[in-house]
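Got a structure for you, questions after.
Bear in mind that the values in this text are calculations on the coordinates, not laboratory data. Predicted, not measured: the structure shown is a model, and the values here were computed from it. Positions of Cβ are generated from backbone atoms using ideal geometry, with glycine treated the same way; all protein chains shown enter the neighbour counts.
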Amino acid sequence: ESLRLPYLSAFLDALGSNFSHGSNFATAGSCIRPQNTTKEQSGFSPVSLNVQYYEFSDFQRRSRIIRTYENAGGIFVGLLPKPEYFSEGLYTFDIGQNDLTAGFFRNLTVDQVKAQVPDILAQFRDTLKV
């Protein structure tokens, strides 16, 4: 609200959403590292940071394609951001805290979970560098 932007539409709830001002790519229970399980198996989302980033990159690419062929884009042209809007919009991702919790759910010790932190941070860093 303080940014004077409307609430963000969830990217996974795309039907009827307006993404011209940004989008929320976060999913409940997501982690930085892929969990290789279903939500039903582990309680954690399979939509890890790398998947959220891929969806964001693909969203940018598809927005450019639809804008390139505006006549073919139909109603979607008004719902998707112009290329210059990406630097002005708000795009959210939420990850990290569940990586530690997932270790405890797998019955790892505190020391084993702590030992995973450098790998978790490295994956976070590597995704941000892309």
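Amide H neighbours of Ser9 under 5 Å, counting only residues 5+ apart in sequence or on other chains, H built in-plane at 1.01 Å?
Correct list: Asn24.
Something else about it: Taking 37 °C and 0.692 mPa s as the conditions, I'd like the Stokes-Einstein D for the chain in µm²/s, using the Kirkwood hydrodynamic radius from alpha carbon pairs. The partial results should precede the final answer.
Numbers: Rh = 16.3 Å.
Using the Kirkwood radius from Cα pairs, D works out to 201 µm²/s.
Given the peptides 55-66, 104-115, arrange them by the average over their residues of other C-beta atoms within 10 Å, most packed first.
Details: 55-66: 14.7, 104-115: 11.3.
Sorting 55-66, 104-115 by mean packing, highest first, produces 55-66, 104-115.
Charges at C-beta only: +1 for Lys and Arg, -1 for Asp and Glu. How large is the resulting dipole of the chain about its Cα centre, in Debye rounded to 20?
Details: 12 positive and 13 negative charges, 43 e Å.
It works out to roughly 200 debye.
With contacts defined as alpha carbon pairs under 8 Å and 6 or more residues apart, what's the relative contact order of region 22-129 in percent?
On the way: 116 pairs, mean separation 37.2, N = 108.
With pairs under 8 Å counted, the relative contact order is 34 percent.
5 Å is the cut-off here: which amide hydrogens, built 1.01 Å from N in the peptide plane, fall below it relative to Tyr91, excluding neighbours closer than 5 in sequence?
Amide H neighbours of Tyr91: Ser23.
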